[in-house]
1. Looking at the stretch 67-102, which of its residues are of a type in the set (A, V, I, L, M), under 30 Å from Ala27 (Cβ atoms) and in contact with a helix residue (DSSP H, G or I) (Cβ under 6 Å, 6 or more places away or on another chain)?
2. Going through Ala55, Ala27, Ala102 one at a time, which residue ends up being farther than 15 Å from Lys153 by Cβ, in contact with an Asp or Glu (Cβ under 8 Å, 6 or more places away or on another chain) and small (Gly, Ala, Ser)?
3. Going residue by residue through the stretch 117-132, is there one that turns out to be more than 24 Å from Phe15 (Cα to Cα), modelled with pLDDT under 95 and in a helix (DSSP H, G or I)?
4. Restricting the stretch 49-93 to residues that are of a type in the set (D, E, K, R) and in contact (Cβ under 8 Å) with a residue 24 or more places away in the chain, which is nearest to Leu122 (Cα to Cα)?
5. If we keep just the residues of the stretch 52-78 that are over 12 Å from Phe5 (Cα atoms) and hydrophobic (A, V, I, L, M, F, W, C), which is modelled with the lowest pLDDT?
6. Go through (1) closer than 17 Å to Ala6 by Cβ; (2) among the aliphatic types (A, V, I, L, M); (3) at pLDDT below 85 one by one and return the number of the condition Leu36 breaks.
7. I'd like the full set of residues that are farther than 17 Å from Leu89 by Cα and surrounded by 14 or more Cβ atoms within 10 Å (Cβ to Cβ), limited to the stretch 126-157.
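The values are calculated or read from the model by the stated rules, or taken from the named source; none is laboratory data. Worth saying up front: this structure is predicted, and the values here are computed from it rather than measured. So basically every Cβ, Gly included, is an ideal-geometry build from the backbone, and we count neighbours across all protein chains shown.
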Amino acid sequence: MEDYFALYDVPLSFFPDEKLIRERFYAISRDSHPDLHASSGPSEAMKRTMMNNEAYRIISNFDKRLPYILELKGLMIPGEKYDLKPAFLMEMLELNEELDEARVSGSLGNIHQKVQTLSDDLEQVLKQLCEQYDKSGQEELLPEIKDLYYRRKYLQRLVL
């Protein structure tokens with residue numbers, strides 16, 4: 001797996017310097033422009049451009065950057081089936097039952113607000129842990145970040 005943080009020569013971070021990332025993206029874009037590399041062949045320039053575009057797409061977006069970092073750290077495999085904690089699953093079972101009842105009664109507003117509040121609270125805790133990791137580099141925070149990431153994904157499906 002390519003290390004896009006190394007490509008941009010920035011430290012691995014859940015909250016990297018966005019301005020610096022953008023500057024590095026544009027610098028690589030200029031340097032790898034096919035017109036500048038006509039003699040070495042356009043395919044190398046195209047490969048570098050494609051990698052640069054992919055790196056920017058991932059590193060400039062928190063929702064893509066988070067699982068990417070967990071993959072880099074060897075804690076996540078694309079497409080893995082993650083086992084959420086039983087307590088969370090029980091809470092979600094109850095919430096789904098409430099959702100079903102709200103659909104029947106036509107009162108979805110309250111339950112959507114409840115789901116949104118749960119989602120917002122989880123998002124806040126997740127970002128705090130990511131910030132703590134960025135400051136401390138404590139690897140033991142990463143499994144909890146991963147768990148929060150998957151709980152967040154579950155709740156996002158309910159919000160939609």
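1. The answer is Leu70, Met76.
2. Ala55
3. Taking every residue of the stretch 117-132 in turn, none turns out to be more than 24 Å from Phe15 (Cα to Cα), modelled with pLDDT under 95 and in a helix (DSSP H, G or I).
4. Lys85
5. Filtering first and then ranking leaves Ile77.
6. Answer for Leu36: the failing condition is (1).
7. Leu126, Lys127, Leu129, Cys130, Gln132, Tyr133, Asp134, Leu141, Leu142, Ile145
Per-residue answers, yes or no, for (1) small (Gly, Ala, Ser); (2) assigned to a loop (DSSP other than H, G, I, E, B); (3) not assigned by TED's automatic domain parsing to the domain that holds Asp147:
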{"site": "Asp9", "(1), (2), (3)": "no, yes, yes"}
{"site": "Asn53", "(1), (2), (3)": "no, no, yes"}
{"site": "Arg65", "(1), (2), (3)": "no, no, yes"}
{"site": "Ile77", "(1), (2), (3)": "no, yes, yes"}
{"site": "Lys81", "(1), (2), (3)": "no, yes, yes"}
{"site": "Asn96", "(1), (2), (3)": "no, no, no"}
{"site": "Lys114", "(1), (2), (3)": "no, no, no"}
